[in-house]
1. Of the conditions (1) in contact with a Leu (Cβ under 8 Å, 6 or more places away or on another chain); (2) surrounded by 13 or more Cβ atoms within 10 Å (Cβ to Cβ), Leu28 satisfies every one except a single condition; which number is it?
2. Identify the residue in the stretch 1-36 that is within 19 Å of the chain's Cα centre (by Cα) and not in a helix (DSSP H, G or I) and, among all such residues, is nearest to Glu73 (Cα to Cα).
3. Can you name the number of the only condition in (1) of a type outside the set (A, V, I, L, M, F, W, C); (2) outside any strand (DSSP E or B); (3) in the same structural domain as Lys140 (by TED's automatic domain parsing) that Tyr43 fails?
4. Given the criteria among the β-branched types (Val, Ile, Thr) and at pLDDT below 95, does Val17 qualify?
5. Can you give me the number of residues within the stretch 93-109 that are over 17 Å from the mean Cα position of the chain (by Cα) and closer than 26 Å to Gln74 by Cα?
6. Are any of the residues in the stretch 74-87 of a type in the set (S, T, N, Q), over 17 Å from Met1 (Cβ atoms) and part of a strand (DSSP E or B)?
7. Just checking, how many residues over the stretch 46-88 are outside the structural domain of Ser15 (by TED's automatic domain parsing) and over 22 Å from Glu129 (Cα atoms)?
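The values are calculated or read from the model by the stated rules, or taken from the named source; none is laboratory data. Since this is a predicted model, take the numbers as computed values, not measurements. Heads up, the Cβs are rebuilt from the backbone with ideal geometry, glycines too, and the neighbour counts pull from every protein chain shown.
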Amino acid sequence: MVIIKPKVSTYISLSVVLLVLMTGLVLLLRDFSYKGSFGLWFYLIACSLITLVILMLLVKMMAGWRFISAGKEQITVRLPLRGMTRTYPVTEILAWEEETILANKREFKQVTIAFQDKNSISVSNHEHESYTELVNYLKKKAARQMIKMKKA
């Protein structure tokens, strides 16, 4: 049984970034209320941008918090924040594709699996553990549904 879960290091680093952004937002609002060193337009734009980035990071973290297990001819997707668990037999996989991107001399891989009920999941090698085991499982059990990459 292959169990794919989010990497703890990814969530620790994203949490540190969130903490820094929230601290910056609090310090900016404190400066506005006590000193007012800058013009009102600066505070409005800076606080709006920081809040937007904080919200985007929180949504990314919450959307990526899922656990996937593959084995016994089925794939189980568990989304704890939604309280949802779905089990798909391997025969319900419509297609799956592995994408590879080379950036900054590092290889980023992502596999996307589409199911018959119009749902899909994506798993990347930098954000999830046991990525290669999942790809090997899919190559073994659902080799016909693999989408071949076309060469340009």
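1. Only one criterion in (1) in contact with a Leu (Cβ under 8 Å, 6 or more places away or on another chain); (2) surrounded by 13 or more Cβ atoms within 10 Å (Cβ to Cβ) is unmet by Leu28, namely (1).
2. Val2
3. (3)
4. On the way: among the β-branched types (Val, Ile, Thr): yes; at pLDDT below 95: no.
When the stated conditions are applied, Val17 does not pass them.
5. 4
6. Of the stretch 74-87, the ones of a type in the set (S, T, N, Q) are 74, 76, 85, 87.
So of that shortlist, the ones also over 17 Å from Met1 (Cβ atoms) come out as none.
No; the residues of the stretch 74-87 include none that is of a type in the set (S, T, N, Q), over 17 Å from Met1 (Cβ atoms) and part of a strand (DSSP E or B).
7. Looking only at that region, the number is 0.
Residues checked against (1) of a type in the set (A, V, I, L, M, F, W, C); (2) out of contact with any helix residue (DSSP H, G or I) (no Cβ under 8 Å at 6 or more places or on another chain); (3) loosely packed, with under 13 Cβ neighbours inside 10 Å:
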| residue | (1), (2), (3) |
| --- | --- |
| Ile68 | yes, no, no |
| Lys72 | no, yes, yes |
| Leu79 | yes, yes, no |
| Arg86 | no, yes, no |
| Asp117 | no, no, yes |
| Val123 | yes, no, no |
| His126 | no, no, no |
| Val135 | yes, yes, no |
| Ala143 | yes, yes, yes |
